[in-house]
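Trainee: Got a structure for you, written out below as structure tokens; questions coming shortly.
The values are calculated or read from the model by the stated rules, or taken from the named source; none is laboratory data. Everything numeric here is computed off the predicted structure, so don't read it as measured data. Heads up, the Cβs are rebuilt from the backbone with ideal geometry, glycines too, and the neighbour counts pull from every protein chain shown. Accessible surface is based on the protein model in full, side chains and every heavy atom, while ligands, DNA and RNA are left aside. Shrake-Rupley method; radii C 1.70, N 1.55, O 1.52, S 1.80 Å.
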Amino acid sequence: MNRIPSVSLRGDAAEAGAAAAPDPAALARWARAFCIIRFDLERGQLVEACFPPDALAHGGLDRLVAFSSFPDSMSHHLPRHRSSVHDSLFSFRLPDPSPSAAGSRRGFLYGFVFNRQRQDERLPRGGEQKSVVILSHAPYSSLFRLLLQILGPLCFDIGHTALTMVASHVAAWPAPSPGCPMELPIGSAALRVHLPPAANDPGPPPALLPANPSVPYGLFHDADLFAAFRGLLLHLWTLWELMVVGEPILVVAPSPPQCSEAVAGLVSLVAPILYSVDFRPYFTIHDPDFARLNALAEGEVFPPMVLGVTNLFFLRSLKSVPNVVSVGSPNPNSTRVLPAGGQSPASANGSNGTPVRLKLDKLAISKFSPTGLLNSIKLRREGPLSLMTEHKEALWSTYVPTTKPDTSVLNRLIDAGVSPRIEESMSVVNNEILRRHFLELTTNFLAPFGPYLRTTTPLEGSSPFVDPPLLPPFHADEFVNGLASRGPGKFLSKRMKSNWLDLYRKFLEGPNFMPWFRQRRSAAEQDQLRLWRQARMNVDIEKLMSKMSELERIDSFNVIERYLLKEMENSRTATAESIAACQKLKADLQAAFSVLPKDMQQLLLSNPKRAVLLQASQEKVSGLGDVVSQTSL
């Protein structure tokens, strides 16, 4: 049997969870639904149980989820025993058809599936299969994969009550903290996860390389890059470019776990860029978008999408996709890179079976071979349709890449050999190497945009009571011309060809640039406002006023008054930060007023609302709410 390890809930914890009805609002912070889907021999995929019961009631969501929760066929690679069980985890992504999701921006739902296939010659058609699904608006793959390893086996052990039981625990969790580590209790276990940043989080500044690459700076940081693409490691740099510029990609794999892991790995490859292209980790013919894509006319451009598929029918129906990558192995247990020349896996390791560096000759770039050349030509001539007769790991693309494979990174990868236990730990090491490199590559690629996102603070001794300067305006043509004269920088110049400027042009014209740039720009503007606000909190107003002329003092008084009224409006929320800012500005206003000429003071006090404001500046902040209502100028 091929079982995924599970963690059982303690009896007392389970009973306590089942006794408390989950709060729907609290549960919705994390998940939309918990489902059990059964494959019925007569009626097909059916929702056997769902919590909350009406969670799939809108827009045919029940059918969409049901059809996306099973492999296209029972696995043909299970052991030929009288009875065998095969568990697998995979994910899918669907448009959200619920009325609440209707709006200017298309909403999506993420499904995380625990699928169990059982072969038994005593059963009708020799087997059965059932799936346990967690449906959520959040792409928290690292969390829901762990939760499924508890919920999946539990549903097969105790039945439908497991859904309500686990939902009760999830509803008791605190609200999600995107971008932060969390420890979430579930019975006797505690799920320790680091959630990915929120969709509106632009990530770190482009000139700053994150110090800790294990912290997620994008979606699907937990994706196993090395396992998904270990037969295509040399093509990772081309795939990175295709993702950066938003090219459509069809990912073909023998099974849903392999194709969904590959799609997740591709999305994670471009972090911290906000990947704005539609992607489907596991795409089926029942998806509502299939009819639209299948109806594209000859020569019509395929829209930017990344589709993970296992049904080879898509090779014919979606033949206009310009980039096709096939990943994985028909035998899930045979995904290791074997050495060239017919050596046994054991002989590729050290004499004592310990892991060794993954040699470049295993990646098919070392020695010239006539047979290899002929196979390569045949593969290119036949195209993706060659997968109809035999699955092989390959990339078909007309795209001309700019970035060269980094052999120093590939040489650091470790070949684990035949031991599954060692392979798992070495995969962690290899993923860390790959993820660190592509994070560094993406960060250096984004670095030229840094000057347009750079914040400023008041100069030493200058007044912070002025509007902050605007960020430099961005014009694509000026940016490209300036970049052409400066060059790509030391890091990229070693890794890119002479046509490197074309990659920037494609990025600027592609679907990923503007959403990322707008978010980074908005974050920089907010950061600049925060820095100037902090400068106003720290300024010595009396020292500042002593250096000003009479006219500058009058102008400063008016500006301080304006900022105070704004902070008083914000202080309605009664946050400690806004109250502290109000207290400081009240004191600054009084200090600025005290150094004005007497005739100017009398003129200012002639305004009743301003007189109340100046009087309030000598009182405690506890009366701010009343003051705001009296002093709206």
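Trainee: I'd like to verify a number: residues in the stretch 554-567 that are open to solvent by less than 20 Å² (accessible area, probe 1.4 Å) and aliphatic (A, V, I, L, M), how many?
Mentor: Residues that pass the stated criteria total 2.
Trainee: May I ask you to verify whether Ala346 is at pLDDT below 55 and open to solvent by 10 Å² or more (accessible area, probe 1.4 Å)? Talk me through it step by step, then tell me what you get.
Mentor: Values: at pLDDT below 55: yes; open to solvent by 10 Å² or more (accessible area, probe 1.4 Å): yes.
Here the answer is yes, as Ala346 does meet what is asked.
Trainee: Please work out if Leu551 is exposed (fewer than 13 other Cβ atoms within 10 Å of the Cβ) and over 45 Å from the mean Cα position of the chain (by Cα). Walk me through how you get there before you give the answer.
Mentor: On the way: exposed (fewer than 13 other Cβ atoms within 10 Å of the Cβ): yes; over 45 Å from the mean Cα position of the chain (by Cα): yes.
When the stated conditions are applied, Leu551 passes them.
Trainee: What's the number of the condition Val480 fails, among (1) open to solvent by 20 Å² or more (accessible area, probe 1.4 Å); (2) over 27 Å from the mean Cα position of the chain (by Cα)?
Mentor: The one condition Val480 does not meet is (1).
Trainee: Inspect the stretch 33-42 for any residue being open to solvent by 30 Å² or more (accessible area, probe 1.4 Å) and among the aromatic types (Phe, Trp, Tyr) and give the result as yes or no.
Mentor: Taking every residue of the stretch 33-42 in turn, at least one turns out to be open to solvent by 30 Å² or more (accessible area, probe 1.4 Å) and among the aromatic types (Phe, Trp, Tyr).
Trainee: Can I ask one more? State whether one or more residues within the stretch 448-461 are charged (D, E, K, R) and more than 26 Å from Phe220 (Cβ to Cβ). Before the answer, list the steps.
Mentor: Initially, the stretch 448-461 is screened for residues charged (D, E, K, R), giving 454, 460.
Then keep just the ones that are more than 26 Å from Phe220 (Cβ to Cβ); that gives 454, 460.
So far as the stretch 448-461 goes, yes, one or more of its residues are charged (D, E, K, R) and more than 26 Å from Phe220 (Cβ to Cβ).
Trainee: Could you list, in sequence order, the residues of the stretch 153-186 that are open to solvent by 10 Å² or more (accessible area, probe 1.4 Å), more than 17 Å from Arg116 (Cα to Cα) and assigned to a helix (DSSP H, G or I)?
Mentor: Thr161, Thr164, Met165, Ser168, His169, Ala171
Trainee: Now for a separate question. When you look at Ile150, is it hydrophobic (A, V, I, L, M, F, W, C), buried (at least 18 other Cβ atoms within 10 Å of the Cβ), farther than 14 Å from Val113 by Cβ and touching a His at 6+ places or on another chain (Cβ under 6 Å), yes or no?
Mentor: The answer is no for Ile150.
Trainee: Of everything in the stretch 502-540 that's at pLDDT 90 or above and among the basic types (Lys, Arg), which residue is surrounded by the fewest Cβ atoms within 10 Å (Cβ to Cβ)?
Mentor: Only one residue fits best here, namely Arg518.
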